[in-house]
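The values are calculated or read from the model by the stated rules, or taken from the named source; none is laboratory data. Just so it is clear, the structure is predicted and the values come from calculations on it, not from any experiment. Note that we place each Cβ from the backbone using ideal geometry, even for glycine, and neighbour counts take in every protein chain shown.
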Amino acid sequence: MFSDWKRRRAARRVKAGDGHALQRYRWWQPLSRALLHLELPDEDGETHTWSVDIRLWGDEDGDVLAQLYRDGRHHAQSKLPATFPVPGGTIEVVTSQFGLKRCHFVAIDGSERQLVPDPASAEGRRARLEHRHPFVGRAIGLTSIAVLLFAVVLGIPQIVDQVSHIPPVAENLGTFTSPFSLPAWLNVTLLVATLVASTERALRLHNHWLLDGGLFDGDT
């Protein structure tokens, strides 16, 4: 959840929309686009659909923006992290290097709920798997955590080992020898598995500062 300072800063980045129509989700966009929806009643009691569209690989200028739509029409846009005022609260959007980190409606009373992924999106397909086959979904989630924990345990000592042997570091702090020394092919395999595991967790909007590298996302 955003701090008050972050929320005020993000609010200044919001720009009014131009009213263009929300594009339909295409089959080739699962890794490059996230689309989520939220049904909210207006002040007059009429329910409207609010949609958040993020092109994770950036637009034609390379900027990653959160686009907000109301009933399929462009309502506002913002650089990330974003916070959009909507009836009854705000919608907060944060991305990580692997996908979505947060896309939640935060009510005025402080309660919050995640927006619902579009059924055609990768996030929607992952949510559907969890709903239809909960055992399989949980098993995949636990496997992702195990892979990331394994990567942390084996990877960090090797990184510290290499850094400690840089001459200025070695002269001032001494050297460290990692208890693990994996062959190159295994390190590459571990890296690929880590990327897959973190991407899988991002599809569920799960993020941990250590496991998923959230410490370096810079969501300010």
Subset of the stretch 33-90 [among the basic types (Lys, Arg) and in contact (Cβ under 8 Å) with a residue 60 or more places away in the chain]: Arg33, Lys79
Residue in the stretch 135-153 that is in contact with a Leu (Cβ under 9 Å, 6 or more places away or on another chain), closer than 30 Å to Ala10 by Cα and surrounded by fewer than 12 Cβ atoms within 10 Å (Cβ to Cβ) present: no
Residue count, the stretch 195-220 (criterion: among the hydroxyl-bearing types (Ser, Thr, Tyr), modelled with pLDDT of 85 or more and surrounded by fewer than 19 Cβ atoms within 10 Å (Cβ to Cβ)): 1
Selection within the stretch 137-175 - assigned to a helix (DSSP H, G or I) and farther than 22 Å from His208 by Cβ: Asp161, Gln162, Val163, Ser164, Pro167, Pro168, Val169, Ala170, Glu171, Asn172, Leu173
Condition check for Pro117: surrounded by fewer than 21 Cβ atoms within 10 Å (Cβ to Cβ) and in contact with a strand residue (DSSP E or B) (Cβ under 9 Å, 6 or more places away or on another chain): no
Entirely in the stretch 1-90, the strands (runs of 3 or more DSSP E) that have 3 or more residues that are under 18 Å from Glu112 (Cα atoms): 33-41, 47-55, 82-86
Subset of the stretch 176-211 that is among the polar types (S, T, N, Q) and not in a loop (DSSP other than H, G, I, E, B) - its residue that is nearest to Gly99 (Cα to Cα): Thr199
